[in-house]
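Trainee: Dropping a structure here in structure tokens format, bear with me for questions.
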Amino acid sequence: DNFQLKFLYLFFKNIINKFSFWAFLKNFMVKSFIFQSIVLFIWLTTTIATILAIIAPYLEFQRIAFAQHIYWVLRLFCHQIPSRCFWIWGSNMGLCSRCFSLDTSFSLCIIIMLYFKFYKILKTKFMFYLGIILLIPLLVDGSVATATNYISNNFTRSITGMLFGIGFGLIIFTKKGK
């Protein structure tokens with residue numbers, strides 16, 4: 001009961017002071033089990049998707065029918081338009097170039113930060129804002145492509161996806177600076 005009052009107090013305090021739900025989450029749940037569980041779930045999902053995206057074309061190359069089930073599962077996360085995918089073993093990967101780069105870079109970013117304990121170093125607001133800046137290229141590229149006839153190439157998609165994955169990793173692990 002006391003937990004709920006504290007939760008409501010912090011919620012409204014952050015809404016009034018900062019108008020930022022993300023700031024509320026970072027202030028209240030950085031060390032909580034819920035936040036860690038969400039990060040672990042996102043990391044597992046992106047890592048498994050990355051591995052499956054590589055395995056699916058190989059299985060298709062080997063004419064193993066199970067590959068179609070992998071493509072079907074990955075279709076839940078990505079559009080899989082063949083012209084926007086990387087091709088290996090004569091088949092398109094299970095994720096488009098943007099999603100594959102985003103998932104791969106986020107998964108590697110989490111592993112690197114945990115292995116080298118970068119999360120203890122990343123305490124400044126600069127790293128948080130750098131993470132926000134790294135999200136912008138994907139948002140701009142995707143928005144422009146949606147709103148106009150502009151079609152980006154796979155290189156641009158993979159670079160913007162990679163930057164987004166790294167930026168998202170920085171945002172998750174950056175602690176509030178002093």
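Trainee: Give the residues of the range 143-178 that are assigned to a helix (DSSP H, G or I) and farther than 18 Å from T104 by Cβ, sorted by residue number. Give the steps one after another, and end with the answer.
Mentor: Step one: filter the range 143-178 for residues assigned to a helix (DSSP H, G or I), giving 143-147, 154-173.
Within the range 143-178, S143, V144, A145, T146, A147 qualify.
Trainee: Would you point out which residue out of W87, W43 is out of contact with any His (no Cβ under 7 Å at 6 or more places or on another chain) and more than 13 Å from F173 (Cα to Cα)? Even if it seems obvious, please write down each step before you answer.
Mentor: Details: W43 fails: more than 13 Å from F173 (Cα to Cα).
Checking each option against the conditions leaves just W87.
Trainee: Something else about it: Out of the residues in the range 124-175 that are open to solvent by 70 Å² or more (accessible area, probe 1.4 Å) and touching a helix residue (DSSP H, G or I) at 6+ places or on another chain (Cβ under 6 Å), state the one that is modelled with the highest pLDDT.
Mentor: If we take residues in the range 124-175 being open to solvent by 70 Å² or more (accessible area, probe 1.4 Å) and touching a helix residue (DSSP H, G or I) at 6+ places or on another chain (Cβ under 6 Å), then M162 is modelled with the highest pLDDT.
Trainee: If you go through the range 38-71 one residue at a time, how many are of a type in the set (D, E, K, R) and surrounded by 15 or more Cβ atoms within 10 Å (Cβ to Cβ)?
Mentor: 1
Trainee: One residue is enough: does the range 52-61 have a residue meeting the conditions at pLDDT below 85 and under 18 Å from the mean Cα position of the chain (by Cα)?
Mentor: Scanning the range 52-61, I find no residue that is at pLDDT below 85 and under 18 Å from the mean Cα position of the chain (by Cα), so the answer is no.
Listed here are the residues, each with its yes/no results for (1) under 15 Å from T160 (Cβ atoms); (2) surrounded by fewer than 22 Cβ atoms within 10 Å (Cβ to Cβ); (3) at pLDDT 80 or above.
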{"residue": "V73", "(1), (2), (3)": "no, yes, yes"}
{"residue": "L76", "(1), (2), (3)": "no, yes, yes"}
{"residue": "Q80", "(1), (2), (3)": "no, yes, no"}
{"residue": "C85", "(1), (2), (3)": "no, no, no"}
{"residue": "I88", "(1), (2), (3)": "no, yes, yes"}
{"residue": "C96", "(1), (2), (3)": "yes, no, yes"}
{"residue": "C99", "(1), (2), (3)": "yes, no, yes"}
{"residue": "S105", "(1), (2), (3)": "yes, no, yes"}
{"residue": "L114", "(1), (2), (3)": "no, yes, no"}
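The values are calculated or read from the model by the stated rules, or taken from the named source; none is laboratory data. Keep in mind it's a predicted model, so treat the numbers as computed, not measured. Reconstructed Cβ throughout: ideal geometry from the backbone, glycine too, with neighbour counts over all protein chains shown. Accessible surface areas use protein heavy atoms only, side chains included; no ligands, DNA or RNA. Shrake-Rupley method; radii C 1.70, N 1.55, O 1.52, S 1.80 Å.
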